[in-house]
Amino acid sequence: MSNVLIIRLSAIGDVAMTIPVIYSVARANPEDSFTVLTQTSLIPLFMNHPSNVQVRGINIKTTEKRFAGVVRFANKLSKTDFDTVLDLHDVPRTRIIRFFMKLKGKKVYVIDKGRKERKELTKQHNKNLHPLRQMTDRYGDVFRRAGFRFHINFTSVFKEKTADLSEPDLLTGEKNIRIGIAPFARHRGKIYPPEKMEKVISILSGQGNTELFLFGGKGDEAVLLDQWASAYTHVTSVAGKYSLDKELSLISRLDLMVCMDSANMHFASLVNTRVISIWGATHPFAGFYGFNQQPEDALGLELPCRPCSAFGDKPCYRKDWACMNQLSPDFIVRKINQTFTL
């Protein structure tokens with residue numbers, strides 16, 4: 001019997017991608033105990049987890065933000081009874097934690113993130129453009145090196161427990177085609193221009209039996225999405241209005257999620273909802289595509305400069321953001337219409 005510490009602190013989409021692997025491993029190895037260490041704010045992602053999985057928080061924005069705080073945390077953690085440590089992140093904070101774990105004789109296994117391969121994929125000239133290993137597979141590699149036998153057979157966090165739809169009470173009345181739209185991402189290189197996304201919404205809202213739900217964060221995102229919801233029929237903004245578990249419940253009842261290369265792509269993947277994703281500076285080849293999503297549902301222009309970034313955080317060296325600006329709303333709507341008979 002092993003007592004395993006699994007470390008993945010951020011970001012929210014990357015943490016979400018660990019879930020299909022962790023749940024599959026835990027169910028295949030019921031005699032072992034698994035504890036996930038992640039940001040405290042991300043603990044709600046691990047809903048309906050197997051009984052031999054626990055989730056523990058670390059406050060990397062407060063008490064464990066600075067070096068001294070991480071050292072104190074790591075020293076204390078190293079005195080617990082974990083015998084195996086799986087570092088699925090490999091960043092300075094996790095290196096400190098695993099250093100203390102090694103001092104205590106714990107077995108440590110670290111992810112190969114393929115940094116050199118991604119650099120080749122995203123360089124400005126003479127790209128080596130080919131699909132890299134998906135992150136879910138890289139996570140699985142770490143477990144296999146640690147000796148765990150399993151197959152990734154995850155389908156949904158609601159596979160064994162039905163989603164609670166008592167709240168939000170948004171799915172009443174006649175059954176329409178339900179489409180979620182999540183137009184934002186962390187970096188500009190992954191965001192479809194808002195004026196173009198508004199055009200997509202305006203077209204879809206006029207197509208009859210279609211119901212649109214807009215997803216985003218609080219603040220400016222919620223303000224803009226509320227404006228769109230007020231301007232068009234059959235459009236509801238849920239931005240900043242519900243807890244993560246309620247949002248996942250709603251996403252699980254959508255027929256389709258339209259989003260960026262963002263956390264919402266991974267949320268939809270966790271509840272087995274089909275995703276049409278829009279890609280600009282980034283590319284599915286980098287390994288961050290949604291779990292079990294179909295390659296043909298990833299939309300992006302074939303430009304010689306793409307991808308220029310693995311994470312969408314670099315400035316556009318063309319200065320025109322052509323990867324997003326040249327992608328027409330009509331093209332996106334046609335792809336959505338191919339999915340349904342509207």
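In this structure the chain gives 46 Å² per residue of accessible area when probed at 1.4 Å with all protein chains present. Cα centroids of the range 202-240 and the range 1-59: 33 Å apart.
Restricting the range 215-290 to trypsin sites (Lys or Arg not before Pro) that sit in a DSSP loop and have at most 11 other Cβ atoms within 10 Å of their own Cβ leaves K218. Each Lys and Arg Cβ is given +1 and each Asp and Glu Cβ -1; about its Cα centre, the chain then shows a dipole of about 1700 debye. In this structure, the amide hydrogen of T236, modeled 1.01 Å from its nitrogen in the peptide plane, lies closer than 5 angstrom to those of L212, F213, L214, counting only residues at least 5 positions away or on a different chain.
Within the accessible area of the range 6-128, the carbon and sulfur atoms contribute 52%, probe 1.4 Å, all protein chains present.
Restricting the range 28-131 to trypsin sites (Lys or Arg not before Pro) that sit in a DSSP loop and have at most 15 other Cβ atoms within 10 Å of their own Cβ leaves K61, K65, R66, K79, K104, K123. Answer with a single label: of [x] 20.8, 64; [y] 21.7, 76; [z] 25.1, 90, which was calculated as Rg and Dmax of the Cα atoms in Å from the structure in view? Given [x] 20.8, 64; [y] 21.7, 76; [z] 25.1, 90, the calculated one carries the label [x]. Tell me, what is a quarter of the convex hull surface for the C-alpha atoms of the range 42-160, in nm² with one decimal? Mean projected area for the range 42-160: 10.1 nm², to one decimal. What's log10 of I(q)/I(0) for the range 212-342 at q = 0.10, 0.16 Å⁻¹, Debye sum over Cα points only, no solvent? Per q value, in the given order, log10 I(q)/I(0) is -0.35, -0.92. Measure out, as a whole number of angstrom, how far apart the alpha-carbon centroids of the range 112-141 and the range 275-342 sit. Using only Cα atoms, the two centres lie 17 Å from each other. Under the combined filter of DSSP loop state and at most 11 neighbouring Cβ atoms within 10 Å, the range 251-290 retains none of its chymotrypsin sites (Phe, Trp or Tyr not before Pro). Here the Kirkwood formula puts the hydrodynamic radius of the range 124-269 at 17.5 Å, using every distinct Cα pair. Exposed loop sites here are GluC sites (Glu not before Pro) assigned a DSSP state other than H, G, I, E or B and surrounded by at most 15 other beta carbons within 10 Å; excluding them, the longest clear run of the chain is 32-159. Computed 3J(HN,Hα) for the range 81-87, one whole-Hz value per residue from the Karplus formula 6.51 cos²θ - 1.76 cosθ + 1.60 where θ = phi - 60°, is 8, 5, 10, 9, 10, 10, 8, glycine and proline marked x. Computed 3J(HN,Hα) for the range 141-150, one whole-Hz value per residue from the Karplus formula 6.51 cos²θ - 1.76 cosθ + 1.60 where θ = phi - 60°, is 4, 5, 5, 5, 5, 7, x, 8, 9, 5, glycine and proline marked x. Near I58, the amide H atoms lying under 5 Å from its own belong to T38, Q39, T40; only residues 5 or more places off or on other chains count, and H is placed 1.01 Å from N.
Among residues other than K113 with Cβ under 14 Å from its Cβ, the summed charge is 0 (Lys and Arg +1, Asp and Glu -1). Here the range 178-335 exposes an accessible surface that is 50 percent carbon and sulfur, computed with a 1.4 Å probe and the other protein chains kept in place.
The values are calculated or read from the model by the stated rules, or taken from the named source; none is laboratory data. These numbers come from a predicted model, not from an experiment. A quick note on method: Cβ atoms are made from the backbone with ideal geometry, for glycine too, and the neighbour counts reach across all protein chains shown. For accessibility, only protein heavy atoms count, side chains too; no ligands or nucleic acids. Shrake-Rupley method; radii C 1.70, N 1.55, O 1.52, S 1.80 Å.
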